[in-house]
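The values are calculated or read from the model by the stated rules, or taken from the named source; none is laboratory data. This one's a predicted model, so the numbers in the text were calculated from it and none came from an experiment. Using ideal geometry, Cβ is built from the backbone for each residue, glycine included, and neighbour counts are taken over all protein chains shown. These accessible areas exclude ligands, DNA and RNA; they are computed on the full protein's heavy atoms, side chains included. Shrake-Rupley method; radii C 1.70, N 1.55, O 1.52, S 1.80 Å.
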Amino acid sequence: MAERPADGGARPREVPPPAERHERHDRDGAGHTGDDDRPAGGVPGGPGDPDDHAAPGDPGDPDDPGAFAGGYAGPAPGPPRVRRFRRFRMIAWIALVLAAAVVAASIAWVNGPPTEAELREKAGLFDRDRLRVGVKVDTPGIALQEQTGRRTFKGFDIDIAYMIAADLGYLPDQVEFLAIETEDRARMQALDDNGRFVKVDLVVATFSVTPSRKADPSVGFSTPYLFTEQSVVTRTEYPGSITSLGQLGGKKVCTLGTSTSESELARATRADVTGKNLISDCVSGLLDGDFDAVTTDAALLAGFVARSGGKLRHHDIALEKTEMWAVNAGSNAALRTLVDLALYRSYADPQDHRWENAYRDHIDPLLSASPRVNVAQAEQPCALPPPVRRWPWERSLPVQDCPSR
């Protein structure tokens, strides 16, 4: 049994010599857990726990050098504590950066453009079980209504309308085509089967973009879907070639009323001009000898030339102006954006060949009958992505750099 001091107090704990203290400190600081030196039955935080340091200044603290120097210099944190602190600081910084990114993304998402679903709701598509589209019905190769037991429509414009309708969520049998005349395209009024004017949702009817039409608040043009140019058609026996509108001075010329061709003709010549609502009426009058020439977009006239059996001749009048056909969505801005999105996907997606197939099926067959005329550009016009909110991983299509038009 240990001897008690003469004063009866507890004997102070023996302090190991400095060399032993340093050896122990170095061993523990090198990552030793102290389990080998823990007394039997010791518990964390108990007197047998080597990681349990006495309070600062306690003379019984063997790891506190200040306890033996007569003052407290403060404990020096060992390497494990430094590493733990650095890990905590790194985790804190990462958490702050992620939180800032989430907040920024949330703000951008809330304040950004509408989503595709929001646009569909704003456009009123959820309230429509069918899509009404105003189209031409008398232009072979572009939009022609045929009576084959049931009413059918065929042509390039028809396929473009089906393509857009599919992206809007409509099946082919949910698309209703209605005949629309040239002067009614801006008003978006077409004739139903009973001969009554009804409002249509879209107009896909060889409608060319012009500054005056764009300024009309009732007209909402999409991005263009076809490039063509103005041309002239005469009977095959017409003497010579027509290379400019000026050569039609004094001639009887038919064109579409209220069209870009009519305004160009009025500026370039003093011809005797007749305006019609249907280009087929002009061509019929030309074949009957009522007119000397017909002028309008080359893509419209090429189908008549191809079907004429050699009775008509197509002339390139070398106008620099490009006619840009676009879809009219009227004042429905949300619907117009969705149309732009459909045309952008068609243009930018290398796996989407619907536009190319429409050109191949309906315009390519017309080219051989008009060999010297630039009937229509064989590539879809460049389309930029419209302002539709999408997550970064949804933006799989490349952003195009369209040349100025």
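Overview of values
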{"item": "Amide H within-cut-off set for VAL175, under 5 Å, with H built and near neighbours excluded", "result": "LEU131"}
{"item": "Cross-link pairs LYS276/LYS311; LYS122/LYS154; LYS276/LYS321; LYS251/LYS276 - those with Cα-Cα distance over 24 Å", "result": "LYS122/LYS154"}
{"item": "Loop trypsin sites (Lys or Arg not before Pro), the stretch 270-342 (other Cβ atoms within 10 Å of the site Cβ: 12 or fewer; DSSP)", "result": "ARG270, LYS321"}
{"item": "Placed amide H near ARG187: partners under 5 Å, 5+ positions off or other chain", "result": "none"}
{"item": "GLN147 paired with SER244, simple spin-label distance in nm, labels 7 Å along Cα-to-beta-carbon", "result": "4.6"}
{"item": "Percentage of interatomic Cα-Cα distances in the stretch 197-240 larger than 15 Å", "result": "62"}
{"item": "For LEU384, net neighbour charge (Lys/Arg +1, Asp/Glu -1) across residues whose Cβ lies under 9 Å away", "result": "-2"}
{"item": "The stretch 250-389 - accessible surface per residue (Å², probe 1.4 Å)", "result": "43"}
{"item": "Karplus-derived 3J(HN,Hα), 6.51/-1.76/1.60, for each residue of the stretch 256-264, Hz, glycine and proline x", "result": "6, x, 6, 9, 5, 5, 5, 5, 5"}
{"item": "Percent of Cα pairs exceeding the 26 Å cut-off, where the set is the stretch 286-405", "result": "38"}
{"item": "Estimated FRET transfer efficiency (ASP272, ASP361; beta-carbon r; R0 35 Å; 0.05)", "result": "0.40"}
{"item": "Three-way shape call for the stretch 251-297 based on the alpha-carbon gyration tensor, with the a/c threshold at 1.5", "result": "oblate"}
{"item": "Surface accessible to a 1.4 Å probe, ARG151 within the full protein complex, Å²", "result": "80"}
{"item": "Sequence of SER263, SER368, SER231 when ordered by accessible area, the most exposed leading, probe 1.4 angstrom", "result": "SER368, SER263, SER231"}
{"item": "Hull-based mean projected area of the stretch 87-232, where the convex hull spans the alpha carbons, in square nanometres", "result": "14.4"}
{"item": "Difference of contour (0.36 nm per residue) and Cα-Cα distance, ASP192 to PHE126", "result": "21.5 nm"}
{"item": "³J(HN,Hα) computed for each position of the stretch 325-340 - Karplus, 6.51 cos²θ - 1.76 cosθ + 1.60, integer Hz, glycine/proline x", "result": "7, 9, 8, 9, 9, x, 8, 7, 5, 5, 5, 4, 5, 5, 5, 4"}
{"item": "Whole-Hz ³J(HN,Hα) from phi, Karplus 6.51 cos²θ - 1.76 cosθ + 1.60, for the stretch 276-282, glycine and proline x", "result": "10, 7, 10, 5, 5, 5, 5"}
{"item": "Length gained when the stretch CYS382-THR210 is fully extended (0.36 nm per residue, less Cα-Cα span)", "result": "60.1 nm"}
{"item": "Charge context of ALA271, other residues only, Cβ under 10 angstrom, K/R +1, D/E -1", "result": "+1"}
